[in-house]
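K.L.:
First the structure, then my questions, so here it is.
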Amino acid sequence: MHTHVKVVAVLYIVMGALNLLGAMFFAFAFSIAGIAAGMSGDPDAGLAMPVIGITGTALVVFLLCLSIPPIIVGVGLMRFREWARIAGIVIAALLIFHFPIGTAVGVYGLWTLLNGETARLMGERSRPAV
């Protein structure tokens, strides 16, 4: 199970990084859209620019909120922290709805993190030495 936990950790980090990449893409795309609207010379551009800015900002913030937790949990899983196992179960359950790749990662994450051997492994590693 040691290897499976490491694989789940890497998959979570990759999924979070892909969401970060999506956030950067949308930030760039909405910036270009705002510039294009401003340079169009259309009198309605003054109305469109704040809508583009607010929509773009909301989307980027939403994607950032979705991308940071899997990265943090992935790092915690790499270090075999018990809190990361619990948070990883929650993230795996949410990933199931992201068909098709997220579904596969979510099912694999649930299978790995709900395993009794994984719970023992992470429980032993997270306890301080006596």
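K.L.:
Just a yes or no: is a residue in segment 44-51 among the acidic types (Asp, Glu) and free of Cβ contacts under 8 Å to residues at least 24 places away in the same chain?
P.N.:
Yes, there is a match, as at least one residue in segment 44-51 is among the acidic types (Asp, Glu) and free of Cβ contacts under 8 Å to residues at least 24 places away in the same chain.
K.L.:
Here are some conditions: (1) open to solvent by less than 80 Å² (accessible area, probe 1.4 Å); (2) of a type in the set (A, V, I, L, M); (3) at pLDDT 95 or above; (4) farther than 20 Å from Gly123 by Cα. Leu21 meets all but one. Which one does it not meet?
P.N.:
(1)
K.L.:
Would you confirm, using the coordinates I've provided, whether Gly46 is surrounded by fewer than 18 Cβ atoms within 10 Å (Cβ to Cβ) and over 20 Å from the mean Cα position of the chain (by Cα)? Steps first, answer last, please.
P.N.:
Values: surrounded by fewer than 18 Cβ atoms within 10 Å (Cβ to Cβ): yes; over 20 Å from the mean Cα position of the chain (by Cα): yes.
It is true that Gly46 is surrounded by fewer than 18 Cβ atoms within 10 Å (Cβ to Cβ) and over 20 Å from the mean Cα position of the chain (by Cα).
K.L.:
Please indicate, with yes or no, whether at least one residue in segment 116-129 is within 14 Å of Val8 (Cα to Cα) and within 15 Å of the chain's Cα centre (by Cα).
P.N.:
no
K.L.:
With the checklist (1) open to solvent by 40 Å² or more (accessible area, probe 1.4 Å); (2) modelled with pLDDT of 95 or more; (3) hydrophobic (A, V, I, L, M, F, W, C); (4) out of contact with any Leu (no Cβ under 9 Å at 6 or more places or on another chain) in hand, flag the one item Ile71 doesn't pass.
P.N.:
Unmet condition: (4).
The values are calculated or read from the model by the stated rules, or taken from the named source; none is laboratory data. All values reported here derive from a predicted model rather than from experimental measurement. Here Cβ is always computed from backbone atoms with ideal geometry, including for glycine, and neighbour counts include all displayed protein chains. We work out accessible area using only protein heavy atoms, side chains counted, and drop any ligands, DNA or RNA first. Shrake-Rupley method; radii C 1.70, N 1.55, O 1.52, S 1.80 Å.
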